[in-house]
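Enquirer: Got a structure for you, questions after.
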Amino acid sequence: MKKVLLTLLSLTVLGGAFAQVTFYDYNPNEELHATYSGESINIDFDNDQSPELTLFGTKHDTVIAGVFSTTLTGFAISTYGNTEILGRTTTLQSETVLEADTLLLGNTIDLTSTYVSSSTPSVFPGVGLTAIEAVTSTTAGQFAGAGYRYIGVRFDISGSTHFGWIRVMVSATHDTCIVDSYAYETTALTVIDAGDLGGGFVSVSKPSFESGISVLENQFQLTGLSGANVKVYNVLGEIEISKKINSDKAFIATDKLASGVYLVSCHQDTKVITYKVYKP
């Protein structure tokens, strides 16, 4: 069963002279459930009406090790064409399964990575994000209960290789998956980091915000974002700060944040702008 999609914001990210990232944000986030009937969502990175992959929930009965019947529950990806997922082949109760690697913010997706596709036979359908076997509660996959993580993707556009990522969160009970957003590098054979939004500036179609962010000692200064809902994410995809901005010049205290890279996502009306910043 294909789930009906809600609002999808398409965002162009302005990067360096030779690279550009296109970013898509689900607003609100998509929620899939692992059931016998299944729920799914297509990911079409380049918006050519031909999806590169389908992310789906599943619950199905199978036979493990040719001996005992059991039920597998979880989430996986079906790939189309030359699309591949950064991951590996492993085993579940001696049976072959495919696992997508969990990526953190900033992990690199490029030609040196190891990829798999759903064309490889597996006891669990597709490239798994997570799976739990009912009889012994044996699990496979790294996404369940890990918070927001990224999926690395390699796919073709007109015969050229491109790289992208998908941001998801799977519940510790293996039965719910939140699909938050995805992005890809529009320049062929150009690497992309998980969560990368290009040069750090995102707009709906062109720079439409007269706004900016400055990193000061123990605070971020936000300009031109009155009325925006601001969230600060750490490298694990966890929300560190959530705040409503009520003036054109506002400050967010960061004294409790550790040094490192953060994503500052600002939602203002129907527009979204995201900055990748480093707090010293």
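Please treat every number below as a calculation from the coordinates, not as lab data. All values reported here derive from a predicted model rather than from experimental measurement. Cβ atoms come from the backbone with ideal geometry, glycine included; neighbour counts cover every protein chain shown.
Enquirer: Kindly write out, for segment 67-81 in residue order, the coupling ³J(HN,Hα) from the Karplus curve 6.51 cos²θ - 1.76 cosθ + 1.60 (θ = phi - 60°), rounded to whole Hz, with x marking Gly and Pro.
Expert: Taking θ as phi minus 60°, the curve returns 10, 10, 7, 7, 10, 10, 10, x, 9, 8, 10, 9, 9, 10, x Hz for segment 67-81.
Enquirer: Here is a further query. Between exposed GluC sites (Glu not before Pro) in the chain, where DSSP calls loop and at most 15 other Cβ atoms lie within 10 Å, what's the longest gap?
Expert: So the longest stretch without any such site is 1-209.
Enquirer: Grab the beta carbon distance between His33 and Thr62, set R0 = 25 Å, and tell me the FRET efficiency rounded to 0.05.
Expert: That gives a FRET efficiency of 0.85.
Enquirer: Place a point 7 Å from the Cα of Ser50 along the Cα-to-Cβ direction; which residues of segment 62-92 have their backbone N under 11 Å from it?
Expert: From segment 62-92, the list is 81-82.
Enquirer: Next question. If amide hydrogens are placed 1.01 Å from N in the peptide plane, which non-local residues have theirs closer than 5 Å to the one on Thr35?
Expert: Answer set, sorted by chain and number: Thr58, Lys59.
Enquirer: Could you name the aspartates and glutamates whose alpha carbon sits less than 17 Å from that of Lys256, not counting residues in the same chain fewer than 8 places away?
Expert: Candidates past the 8-residue exclusion: Glu217, Glu238, Glu240.
Enquirer: Continuing with this model, one more query. Under a point spin-label approximation (7 Å from Cα along Cα-to-Cβ), what is the Ala188-Thr71 distance to one decimal in nm?
Expert: Output for this residue pair reads 4.8 nm.
Enquirer: Place +1 on the Cβ of every Lys and Arg and -1 on the Cβ of every Asp and Glu in the chain, take the dipole about the Cα centre, and give the residue among Thr91, Ser160, Tyr148 whose Cα lies farthest towards its positive end.
Expert: Tyr148
Enquirer: What distance in nm separates the simple spin-label points at Ala134 and Asn246, each placed 7 Å from Cα in the Cβ direction?
Expert: Inter-label distance under the simple model: 5.3 nm.
Enquirer: For Thr176 and Val261 in one chain, what is 0.36 nm times their gap in residues minus the Cα-Cα distance, to one decimal in nm?
Expert: Additional length available on full extension: 27.8 nm.
Enquirer: Using each residue's phi in segment 180-190, evaluate 6.51 cos²θ - 1.76 cosθ + 1.60 at θ = phi - 60° and report the 3J(HN,Hα) Karplus result to the nearest Hz, with x for Gly and Pro.
Expert: 8, 5, 7, 7, 8, 8, 6, 8, 4, 6, 9
Enquirer: A further question on this structure: Around Thr83, which amide H atoms from residues at least 5 apart in sequence, or from another chain, sit under 5 Å from its own amide H, with H modelled in the peptide plane?
Expert: The list, which skips near neighbours in sequence, is Asp156.
Enquirer: Oh, and also: Would you please give the residues with an amide H less than 5 Å from that of Thr130, counting only those at least 5 places away or on a separate chain, with H modeled from the backbone geometry?
Expert: Long-range HN contacts for Thr130: Phe75.
Enquirer: While we're looking at this one, here's another question. For a test of the definition: using alpha carbon positions, the gyration tensor, and the 1.5 limit on a/c, classify segment 98-256 as rounded, prolate or oblate.
Expert: Oblate.
Enquirer: Another one. Applying the Karplus parametrisation 6.51 cos²θ - 1.76 cosθ + 1.60 with θ = phi - 60° to the phi angles of segment 150-164, what ³J(HN,Hα) value in whole Hz is obtained for each residue in order, glycine and proline being reported as x?
Expert: 3J(HN,Hα) across segment 150-164, in whole Hz: 10, 9, x, 10, 10, 8, 9, 10, 6, x, 10, 7, 10, 10, x.
Enquirer: Among the aspartates and glutamates, select those whose C-alpha is under 15 Å from the C-alpha of Lys244, and discard any that sit fewer than 8 residues away in the same chain.
Expert: Asp269
Enquirer: Taking neighbour counts of Cβ atoms within 10 Å as a proxy for exposure, in what order, fewest first, do Tyr36, Tyr148, Tyr182 appear? Spell out each step's value before the answer.
Expert: On the way: Tyr36 11, Tyr148 22, Tyr182 25.
Ranked by crowding around the Cβ, least crowded first: Tyr36, Tyr148, Tyr182.
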